[in-house]
Structures are given as structure tokens and as C-alpha cells.
1. To the nearest whole number, what is the average tally of beta carbon atoms from other chains within 10 Å of the beta carbons of peptide B:10-17?
2. Across 10 Å bins from 0, what is the distribution of all Cα-Cα pair distances for chain B, in whole percents?
3. Which distances in nm, rounded to one decimal and ordered from shortest, link the label point of B:Lys86 to the equivalent label points in the other identical copies, with labels set 7 Å from Cα toward Cβ?
4. Grab the beta carbon distance between B:Leu73 and A:Asp25, set R0 = 35 Å, and tell me the FRET efficiency rounded to 0.05.
5. Quick one: in chain A, whose Cβ comes closest to the A/B rotation axis, and how close in angstrom?
6. Restricting to Cα pairs below 8 Å that are 6+ residues apart, what does the relative contact order work out to for chain B? Please round to a whole percent.
7. Which value in nm describes the separation of the simple spin-label points at B:Ser64 and B:Asn93, placed 7 Å from the Cα toward the beta carbon?
8. Roughly how crowded by other chains is peptide B:111-117, in terms of the mean Cβ count from those chains within 10 Å of each of its Cβ atoms?
There are 2 protein chains.
Amino acid sequence: MSTPHQTKPTESEMEILQILWEKGDCTVRDVHEILEKSKEAGYTTTLKLMQIMHEKGLVSRDTSSKTHIYRALVNQQKTQQQLVSKMIDNVFNGSAARLVMQALGNHSASKDEIDSIKKYLDELSKK
Amino acid sequence: MSTPHQTKPTESEMEILQILWEKGDCTVRDVHEILEKSKEAGYTTTLKLMQIMHEKGLVSRDTSSKTHIYRALVNQQKTQQQLVSKMIDNVFNGSAARLVMQALGNHSASKDEIDSIKKYLDELSKK
DNA sequence: ATTTGATTACGAAACAATTCGTATATCAAT
DNA sequence: ATTGATATACGAATTGTTTCGTAATCAAAT
């Protein structure tokens, strides 16, 4: 019995998954309105993407009413893990530590974030 | 004066850049032989990829002898930063901390690695 | 000089991702 | 019933990536 090999979501698909993970059940319009804030896109483009995601099994779809309701089917943690692992391999030659430092070296991490990571590392060390 | 907008390398291009960053100057055959260890690929496929990378300005090419010599033109740190930033946005909703924890939560990080990250974080905090 | 082997050049096929126009269906308001 | 607004379905164009076959070129060995 083999796991049904989950194919890696594309960038556009990730944008949509983010929204579904946060909001839960969504119509195409729900998703599209959020997407529009950060991106130029036609409605039917978003629709088509979500239909394809359904074909791929990334999302479920409730078609009982005229307006379909979508929901993420793939797990957020698992998907993130999958993508991070790939990046560690493909970009950082297998070293998780180097990825971490690169991610933190940037301005992007705030003092609070750094503290919470420290705490997390302490937890890890204990084991 | 605008920066010459460096387009994000594809996965295959990253595989090749990794090799060039490590080895320095390489012929197509050099690269191909290393690539073959971890991947099925024809020689002309590798050649074509490197030619395209040259067109894109990712690598330089010395054609003074019959066998051309390639070298990475893009900076390793900058490229990694670019890809990590994109992933933080696209996969982790802008939170570097969450990416870091995801990367570390995995089996992958050893005790030594964790310690070196801690040290790094202390340096960061001081500023 | 000819052959052999390795190299680059070129083009095209195969595939995947993205975008959107147009057609069709449904429902609610008139 | 008709209209208008909104939804999905479908197909196709566009663009980017990957793959590789074939031809042309060159150099070394015979």
C-alpha cells in the first residue's frame, strides 16, 4: 500500500492554500477577493486554478448548492515540511542550519521572533 | 540606474549552480558527471541548460578553447536569500520564525547544528 | 588524409503553469 | 416569462521548463 504521492503545489496554488488554511471553507469569490489585494488576476483565472487543485486532490469541493464551497485537503504542516525539505536539498545542499541562518540573517526577523526561536531551540536541546 | 533584475533560477538551474559554487570553473562534462550521480539525464540536456543559463546571465562562459569553461556569475548568498524570502512569503505567510521552526522540527538538525544556530542568534540579539 | 571520439549548436517536442475569453447554467427580482 | 447578475465549464493561447535527437565542428590518433 503506497501513499498517494502528493505532488508539490505550485506557487499560485500555495497562495490559494494559504487562504484556505486560514479561512477554512471558501467560495471562489472569497478567495479571489483576498487574492486581488496583493495580485492582479481575473476571476476566471482563480476559478480555473481552484478547479485544477480539485482535480489534483489538493482541495475538496462541495457542489450541493450553485456556489461551490472549497476546503483545503492537504495538511499545512506536511505541505510546508515538504517544501522546506526540498529547498534545503536544492538550495542549501542539505544543510538545514544554513537555511535557518540565511532566513534569520535577513532583516525580516524581529526581536520577538528571534526570542521565540531561542525558546524553541532550548526545548529541542533538552531532548 | 536600475539593478538588472535577476530572475529566479529554476530547480534544474539550482542543481547546476550548486556545483559551480562548490567547484568553481567547470566544463559541461564536469558538471554533467556530478549531476549524473543523483539524477538521470542526457549530456546534451545538461549542455542545453548551461547554455540557457548563460543567456540568462546566471553563468559566464570562456569559449577561447574548444571545450568551454563555465563559472557561476550570480552570488550564492544573494541567490539563496532571494529564494528563502520568496518561500517565507509564499509558504509561511511572511513569518521567518515559522520557516525556521519547520526546518528545525525535522530530524535533520544535529546537536552541533542547533548549538551553532544558538550562537548565531545571540550575535543577532546583541545588535 | 581519414577516421574516431568528444564537443557545441540548433531546433523541436513534450510537458507544465498561467491566463483569460466565451458559453452555459442558475437564481432572484421585476 | 424576461432580464440581469453571478456562477461554473470548457477550451485554447501563451509562456516557461525540460528533454533530447541530429548536425556541424574540431582535435587527436592512426
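1. 2
2. For chain B, the binned pair fractions read 11, 31, 30, 22, 6, 0 percent.
3. Between copies, matching label points for B:Lys86 lie 1.2 nm apart.
4. With R0 = 35 Å, the Cβ-Cβ based efficiency is 0.15.
5. Closest to the rotation axis on chain A: A:Val100, 3.
6. That works out to 20 percent.
7. 5.6 nm
8. 5
Each value in this text was obtained by applying a stated rule to the coordinates, not by laboratory testing. In this text the structure is predicted, and so the values were computed from the model without any measurement. Reconstructed Cβ throughout: ideal geometry from the backbone, glycine too, with neighbour counts over all protein chains shown.
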